[in-house]
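Scroll down for the structure; my scribbles are underneath it.
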Number of protein chains: 2
Amino acid sequence: MSGLSEFSLIKHYFEKISTPRSDVLLGIGDDCAIVQADTNQQIAISVDTLVEGVHFLPNADPENLGHKSLAVSLSDLAAIGATPAWFTLALTLPEVKEPWLAGFAKGLATLAKQHQIALIGGDTTRGPLSITIQVNGFVKSEQALRRDGAHVGDNIYVSGTVGDAGAGLKLKQNQLLAQQDKQLQEAFLQQRLDKPTPKVDLGRDLRGIANSAIDISDGLVADLSHILEKSQVGADIELEALPVSSALADTVSREHAEQLALYAGDDYELCFTAPPEKHAELRKIKDSYTKIGTITGNPNKMVFYRGGQQIELTGKGYEHFSIED
Amino acid sequence: MSGLSEFSLIKHYFEKISTPRSDVLLGIGDDCAIVQADTNQQIAISVDTLVEGVHFLPNADPENLGHKSLAVSLSDLAAIGATPAWFTLALTLPEVKEPWLAGFAKGLATLAKQHQIALIGGDTTRGPLSITIQVNGFVKSEQALRRDGAHVGDNIYVSGTVGDAGAGLKLKQNQLLAQQDKQLQEAFLQQRLDKPTPKVDLGRDLRGIANSAIDISDGLVADLSHILEKSQVGADIELEALPVSSALADTVSREHAEQLALYAGDDYELCFTAPPEKHAELRKIKDSYTKIGTITGNPNKMVFYRGGQQIELTGKGYEHFSIED
């Protein structure tokens, strides 16, 4: 595409990410975007950075990367029960390559369209590859699914299955050996790592039902511990209840699957707590979820059981290098 | 500060950046922040990334860097006439060093407090040093100072003085030789580069007066050309009118000063246009500004004059590597 400057190329691809919304009064192309907030709701805001070599491997597929960059931020909106509205993109690129830009923009645009979220502004700079996306959504503040709302006696739930993305990463890093007859399973696990599905609908459906929620980015234990800390409660966890996909169960032992389910991150499922009396309302929700334990009165204490027997676990989630939690 | 983990250290310093605001319903520490928009106004949003080695020199003073990271984004709010409200910080650090964090947080906090803007969330990741700040402010959309509002016959103004930061950068890079008897002047020029003052009050005062505005980040010619393009107009510029600081005038020739004023960036002054009939209202504004030309009917055409004589200029602003243009 000679004749088009780098700037025009970037503009060309990002103009395609145009989810039309009537509340965007001024979009990309001025000093600021101008948007109109829904006057009956509050605004939920979250920002996430993905750095090459830290959050994704060098030479990651650009379309998956475009998807994942937005997915991890949408997952934060899901975790608080907000409805996506607008986002900005700060993209740092070592060089402008058209195939990369085309793929990245496609992955981003496809997911943005699904969630009716509009790209309203950004900044593109030169430097080591890094992607920062900030999302804005709407939520009524009294309905927000906060980390500090868990109560003693709440059931603890996890959506979908956990540990898949962790196994996908191990496969990519050759820490799990690929097996001839497990190609379908392995493709599923890698897909779970590369193209996570933010549970936006589930987050919205949980408003008024769940007492607390968080999305699983750093691993179930690490993320649930944030709920325990903020709510000043503890948790009893039943290991046999941990929801594991058939792909993961086919690929590793049950014990290994549990380790991944507890400590590996990047699944972007929701972990949430709800009182037993909300059981009937919960059953109406279409997304899948599994009860994995109950909230107890021992602040910050997580106790694990297998078949009613208390179990000592030696694993540990990694320390969260973030000012968010 | 052994005994404090990296995470606690980061938390410790960023919790200090706490401008209290009643419209922040949930701040740092959950999946999202929750804020309440002013229902009578719209929200202006802008994001900027500063990358080490591209936007600032390696080993830049962390306090200045904290100031500048927020200043460049506040300058975008100034350019559109918005009142600052909230910001997020996405910080990528190669390592966690306490003196650096302390200095950076101090520079950021001091400027944030001046403008009553609250840090509501962020993400800290490991990687090559890079800072992305997104600011949110309030503006009534019909009063926003947009790039597309310039009219034929408008006067063109520049606030403060231009070219200072460009000279400051040349001094830092030893492209301008430091002179024994010019230490005060040189300190001023470097300060203009390292700690720019966003013209937030001026932007607000220009609402209802200016037809268009932009902040000068890439140089007067490059930034004014965005107004010309968006407004489909041209500009006659009087070189002798370019406002140059006495420090700059003392340091380089008039011709060199004009080159810096036209093509060097990073001054973060405002360039704006207003119709002649707004002269009396303009005079009430307390910030300094200078008329440098008039808007003409020749789309995208910038013509330079010195003492009534048309001048051919050979310089050119650099291409803006940004989707914001």
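The values are calculated or read from the model by the stated rules, or taken from the named source; none is laboratory data. Bear in mind the structure is a predicted one, so any value in this text is a computation, not a measurement. Heads up, the Cβs are rebuilt from the backbone with ideal geometry, glycines too, and the neighbour counts pull from every protein chain shown. Only protein heavy atoms, including side chains, enter the accessible area calculation; ligands, DNA and RNA are left aside. Shrake-Rupley method; radii C 1.70, N 1.55, O 1.52, S 1.80 Å.
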Discussion item. Quick query: amide H of A:L176 versus all other amide H atoms, modeled in the peptide plane; which residues come in under 5 Å with a sequence gap of 5 or more or a different chain?
Written reply: A:L171
Item to complete: Work out how far the C-alpha atoms of the protein assembly as shown reach from end to end along every principal axis, then list the three figures in whole Å, largest first.
Response: 91, 51, 47
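Please label the shape of chain A as rounded, prolate or oblate, based on the square roots a ≥ b ≥ c of the eigenvalues of the alpha-carbon gyration tensor (a/c under 1.5 means rounded; beyond that, a/b larger than b/c means prolate, else oblate).
Details: a/c = 2.25, a/b = 1.37, b/c = 1.64.
Verdict is oblate for chain A.
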Item to complete: Tell me the label-point distance for the pair A:A187, A:Q173, using the 7 Å Cα-to-Cβ offset, in nm and rounded to one decimal.
Response: 2.5
Discussion item. From the helices alone, meaning DSSP H stretches of at least four residues, give me the mean residue ellipticity at 222 nm for chain A, per-run term -39500 (n - 2.57), in deg cm²/dmol to the nearest 500.
Written reply: -10000 deg cm²/dmol
Fill in: Per-bin percent of Cα-Cα distances, the stretch A:192-257 [5 Å]
3, 12, 17, 23, 23, 14, 6, 1
Worksheet, complete the sentence: With a 1.4 Å probe and ligands and nucleic acids left out, the total accessible area lost when A pairs with B, in Å² to the nearest 100, equals 6000
Discussion item. Using a probe radius of 1.4 Å on heavy atoms only, what accessible surface per residue do you get for the protein assembly as shown? Whole Å² is fine.
Written reply: 39
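For the stretch B:147-311, give the percent of accessible area contributed by carbon and sulfur heavy atoms, probe 1.4 Å, rounded to a whole number. All intermediate terms of the calculation are to be shown ahead of the outcome.
Numbers: 3230 of 6940 Å².
On the stretch B:147-311, the fraction of accessible area on carbon and sulfur atoms equals 47 percent.
Counting only DSSP beta bridges with both residues in the stretch A:6-140, what percent are antiparallel, rounded to the nearest 5? All intermediate terms of the calculation are to be shown ahead of the outcome.
On the way: 21 of 30 bridges.
Given both bridge residues lie in the stretch A:6-140, the antiparallel proportion sits at roughly 70 percent.
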Discussion item. Show me, for the stretch B:133-150, the HN-Hα J-couplings you get by feeding each phi into the Karplus relation (A = 6.51, B = -1.76, C = 1.60, θ = phi - 60°), rounded to Hz, glycine and proline as x.
Written reply: 10, 10, 10, 10, x, 10, 7, 7, 4, 6, 9, 4, 8, 8, 7, 9, x, 5
Worksheet item: By a straight-distance test (C-alpha under 16 Å), which lysines pair with B:K172 as possible cross-link partners, with residues fewer than eight away in the same chain excluded?
Response: B:K182, B:K195
Practice prompt. Search the structure for amide H atoms under 5 Å from the amide H of A:A118, placed 1.01 Å from N in the peptide plane, and list their residues when 5 or more places away or on another chain.
Written response: A:W86, A:F87
Worksheet entry | Within a Gaussian network of chain A (alpha carbon springs, distance under 10 Å), most fluctuating of A:Q180, A:Q134, A:Q114 | A:Q180
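How large is the Kirkwood hydrodynamic radius of the stretch B:6-140, counting all unique pairs of alpha carbons, in Å? Display every interim value, and only then the final one.
Details: mean 1/r = 0.0666 Å⁻¹.
Computed over the stretch B:6-140, the radius equals 15.0 Å.
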Fill in: Dipole moment magnitude, nearest 20 debye, the stretch B:147-311 about Cα centre, only Lys, Arg, Asp, Glu C-beta charged
200
Discussion item. Looking only at the protein assembly as shown, where both bridge partners belong to it, what percent of the DSSP beta bridges are antiparallel (to the nearest 5)?
Written reply: 75
Fill in: Proximal lysines to B:K284, defined as alpha-carbon separation beneath 23 angstrom and excluding residues fewer than eight positions away on the same chain
B:K140, B:K199
Worksheet item: Which lysines does A:K291 reach when only Cα atoms under 16 Å apart count, and residues fewer than 8 places away in its own chain are ignored?
Response: A:K278
